[in-house]
Every structure is written in structure tokens, then in C-alpha cells.
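Some notes on the structure that comes next.
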Amino acid sequence: MSNLMLLLGLLNFALCYGLEFRYHNTTEVEEYLKAVHRNYSSFTHLHSIGKSVEGRDLWVLVLGKSPTEHTIGIPEFKYVGNMHGNEVVGRVVLLQLIDHLTQGYLSDPQVTRLLNSTRVHILVSMNPDGFEASTRGCVYSEGRFNKHGMDLNRNFPDAFQGNMDMAREVEVQAVMDWLQTEPFVLSANLHGGAVVASYPYDNSNEGSELQSGSSVSPDDDVFIHLAKTYSFTHKSMHNGNSCYDLKNFKDGITNGFNWYPLKGGMQDYNYIWDQCLELTLELSCCKYPPETDLPGLWEDNKQALLAYMQLVHLGVKGQVLDSRGTPVKNAIVEVQGRNNLCPFKTDRNGEFYRLLLPGNYTFKVSEGTFSERCTAFKVDEESRSITQVSPLTMTSSSTWPRPTHSHTRACITVTAVTT
Ligand SMILES: [Zn+2]
């Protein structure tokens, strides 16, 4: 039997009996993802978002009822693993997650509900060159950086300290381009070397966001909820145990800047520039642990990974339509009291998604010369089904000019969803 035949045979075995708990190299991951897509083609889609410096594909597996394209009302979620090539636990648990989701769709109610209502994108390794160059070790090992010796989590545009003249690495550019193609709502970036859920901001220019050593975003309450959901669903993260000489993290969460300031990070970029709320999840004290630890690490994270994905349905989603019912793209949708550095805008379908905790909110929607304040509404904790509150009656207020634009009678359709 040729090596390829043997590999395919082993992969098919893996698909039937669960994925082996060991480290799979880049070629094996690629073959595994292709086999998954072949076996589950009705609800998966496999594509490469670009190539690494050494020419390895950055494969993304998409899972959902409509895997090849966005569906209006279905939020887009993503997980990214192995951005630091020597932090390998994220890569392993994402492969296990793919195994769990594909095996469970249409048989496991939790998985079926999730994939029927969410489109999930998984980039198992953002830095395959780094992984291939990495050596096993807990604290420091080769392979953190890409082939150019660059730290990919310091290479994104930074809103606080301009680094626009910095050359973007191909792996970073591929992710930036990917963000333009899908209206991502929520994501997580999986790392190792600590056990904590870290949330934006990672950086600050010492403006009003800097509060008691933290760099506080307008959506701080939401981020804390996201981080705590992960840490308390995780087997031990919420205990806040330190690794080595690291500090204790209360409830297993931390503001990124409060832990240590970081310029050019991916989570701030996602949140500030792409309106996708992102956490950095540190999954293990040891960056590259022995293979015998892998089953336990998967069990520690399994329910947390699933629970976190479900949070993409938190809050409010809706569509901005003009008087003819045509979706209005690039309309600014602001929640009063949350002054995002880059205002959230509707996507090409006029959609918006705002993750919010239960409470009362007022939205302001504006586009061109049209500006209107919508009536307040409530995100109800008890409501588990989609509640139509449409169309909202818009109040005419002296604060806001009467609309004069062709979108005079534009209206906002708001759907309140909590899970
Ligand atoms: Zn890392």
C-alpha cells in the first residue's frame, strides 16, 4: 500500500472512530480536512484563505446549513488556532471540535441546533510554518514566529499607536482579507502558555479608555460576560490558577492591557476595525505539552468551546431597510452610550448584529443625510425565541433633524434574541 493510500485509510478510520489524540503535521491536517469535507459535503465547505511564507495553505473549514455562503439572519462565528506556531493546544482542540461537530450534526441536539442557526469558520492553524519549525517545550521553544521571524500577533494595524507603515505578513494579510469577505460577529484566537480568557483592549494611548490599569472598551460588560462564559464552562480556568510565576487571574479572565500592553494584536483589530468581538483564549500552561495530556485538555475545553459559539446569538440582530424595502448597506448603527472607535455599520445585506446583555437600549441609525433615533427596546433574558419588534415606531425628536434624504421612511427591523 502506498503511503498516501495508508494515510487515507488511517484518516477514514479516524473519521469513523474519532480523531486520534496526537499531533498531526500540516500534511495530515490538510488530508484530514479534505476527508471531512468529502464525507460531510452537505454541511461543510473547505477553502484556503491564502498561503504562509513557505507556501502552506491556510485552510478554513466552514460548517453550517448553508456552508458556502452567508444567509441573512445567520451570524458568522470563527475560531483561529496556532497563530503562535509553538502554542499547539488550540490546533488540537479545534481538530477535535471539527470531529465533534461533524459527528454530531443531526444526531446530537446541541450540535444540530448550533449548526442550523450559526455559520462556523475554523482556521486550525494560522501559522503552519511556525508549527513545522517548533520544538516541544513548555515555556520557550522554536516556532512562535512565522518564517520571517515576525510575531503575527504584533503585526495587525493598531488603532492606538499607528503602525500603518509596518509591512503586513502574508498570514496577517490573509486574515485581514478574510475578514472583509464575511460579516463576522464573534470569534476567539487560541493560544497557550497561560490559562485565562483575555479580552480587549490589548492596547491604549492613555486616553479615557485607560481605567485603573485596564484599557476599557465600550462593550466591556459584554466582553466580561463572554470571557466568564468560557472560563466558568471550562473545567478549571475560572479557578484562576497561575502557571509558573504568572499572576492569578480572578475568575480566570483578564483585560488584555491589564495583563500586558500589546501593540498590533489580532483581537483589537477584529473588534475595532471589523466589529467582530474577539477573545484571546490561553488554554494551557505548557505551550507544547506531551501527547498524553491531549485527551484531558480536550475534555477541559470541549463544553467551553461549544458554549462560547452559542454566544454569537446574544443580543440583537436586524436589518436596515429603506422605504422600498431595499437593504441599506453601510448604515451606521449605534447603541446609545457605546461610542465604538469605528462605528458599527450594516453589511451588504443591510444587516447588523450587536452582542448585548439583557437590558434596555436605544439605537441610532444613520446613513448619508438621514439620521433617526429609534425607540428604545428591551433585550429580554427570558425570551429564548426570536421576537419580532418590527417595525419600530420612530420618534421625531428635536435632537435629531427630520429626515430629508430618500431614506426618509427608512425603518429598522429589530429582532431581540437571547440564548
Ligand atoms: Zn500566543
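Picking from residues in the stretch 228-258 that are within 15 Å of the ligand (Cβ to nearest atom) and modelled with pLDDT of 95 or more, the one that is nearest to LEU305 (Cα to Cα) is THR254. The condition of being at negative phi, away from the ligand (no atom under 16 Å from the Cβ) and not small (Gly, Ala, Ser) holds for only one of VAL120, VAL88, that being VAL120.
Say we look at the stretch 51-75 and pick out the residues that are part of a loop (DSSP other than H, G, I, E, B) and basic (Lys, Arg); which of these is nearest to the chain's Cα centre (by Cα)? Among residues in the stretch 51-75 that are part of a loop (DSSP other than H, G, I, E, B) and basic (Lys, Arg), the one nearest to the chain's Cα centre (by Cα) is LYS65.
For VAL93, the criteria (1) without any contact (Cβ under 8 Å) to a residue 60 or more places away in the chain; (2) over 15 Å from VAL175 (Cβ atoms); (3) surrounded by 19 or more Cβ atoms within 10 Å (Cβ to Cβ) hold in every case but one, which is (1). Here LYS228, LYS263, LYS235 are screened, and the one residue that is closer than 30 Å to ALA167 by Cα, touching a residue at least 12 places away in the same chain (Cβ under 8 Å) and surrounded by fewer than 24 Cβ atoms within 10 Å (Cβ to Cβ) is LYS263. The strands (runs of 3 or more DSSP E) found wholly in the stretch 161-257 include none carrying at least 2 residues that are in the same structural domain as ASN349 (by the TED database).
In the stretch 275-355, which strands (runs of 3 or more DSSP E) lie fully inside it and hold 3 or more residues that are within 16 Å of the ligand (Cβ to nearest atom) and buried (at least 19 other Cβ atoms within 10 Å of the Cβ)? Before you say what the answer is, go through the steps one by one.
Details: elements: 277-284, 315-321, 332-335, 351-354.
In the stretch 275-355, the matching strands (runs of 3 or more DSSP E) lie at 277-284.
Checked against the criteria, TYR269 counts as within 14 Å of the chain's Cα centre (by Cα) and either without any contact (Cβ under 8 Å) to a residue 12 or more places away in the chain or at negative phi (or both).
When restricted to residues that are within 15 Å of the ligand (Cβ to nearest atom) and farther than 21 Å from TYR79 by Cα, the stretch 134-158 contains 8.
Within the stretch 59-66, is there a residue that is surrounded by fewer than 19 Cβ atoms within 10 Å (Cβ to Cβ), closer than 26 Å to GLU351 by Cα and more than 16 Å from the ligand (Cβ to nearest atom)?
Taking the stretch 59-66 as the starting set, the residues that turn out to be surrounded by fewer than 19 Cβ atoms within 10 Å (Cβ to Cβ) are 65-66.
With closer than 26 Å to GLU351 by Cα added as a condition, the list becomes 65-66.
Now drop any that are not more than 16 Å from the ligand (Cβ to nearest atom), which leaves 65-66.
Yes, there is a match, as at least one residue in the stretch 59-66 is surrounded by fewer than 19 Cβ atoms within 10 Å (Cβ to Cβ), closer than 26 Å to GLU351 by Cα and more than 16 Å from the ligand (Cβ to nearest atom).
Applying the selection to the stretch 159-181, what residues are modelled with pLDDT under 95 and buried (at least 17 other Cβ atoms within 10 Å of the Cβ)? Residues satisfying the conditions are ALA159, PHE160. Just a yes or no: is a residue in the stretch 178-188 within 13 Å of the ligand (Cβ to nearest atom) and on the phi < 0 side of the Ramachandran plot? The answer is yes, given that some residue of the stretch 178-188 is within 13 Å of the ligand (Cβ to nearest atom) and on the phi < 0 side of the Ramachandran plot.
Here are ILE272, ILE224: which of them is among the aliphatic types (A, V, I, L, M), away from the ligand (no atom under 16 Å from the Cβ) and closer than 19 Å to ASN153 by Cβ? Checking each option against the conditions leaves just ILE272. Given the structure, is LEU46 among the aliphatic types (A, V, I, L, M) and either within 16 Å of the ligand (Cβ to nearest atom) or part of a strand (DSSP E or B) (or both)? It is true that LEU46 is among the aliphatic types (A, V, I, L, M) and either within 16 Å of the ligand (Cβ to nearest atom) or part of a strand (DSSP E or B) (or both).
The values are calculated or read from the model by the stated rules, or taken from the named source; none is laboratory data. What you see is a predicted model, and the numbers here were worked out from it, not measured in a lab. Cβ coordinates were reconstructed from backbone atoms using ideal geometry, including for glycine residues, and neighbour counts include every protein chain displayed.
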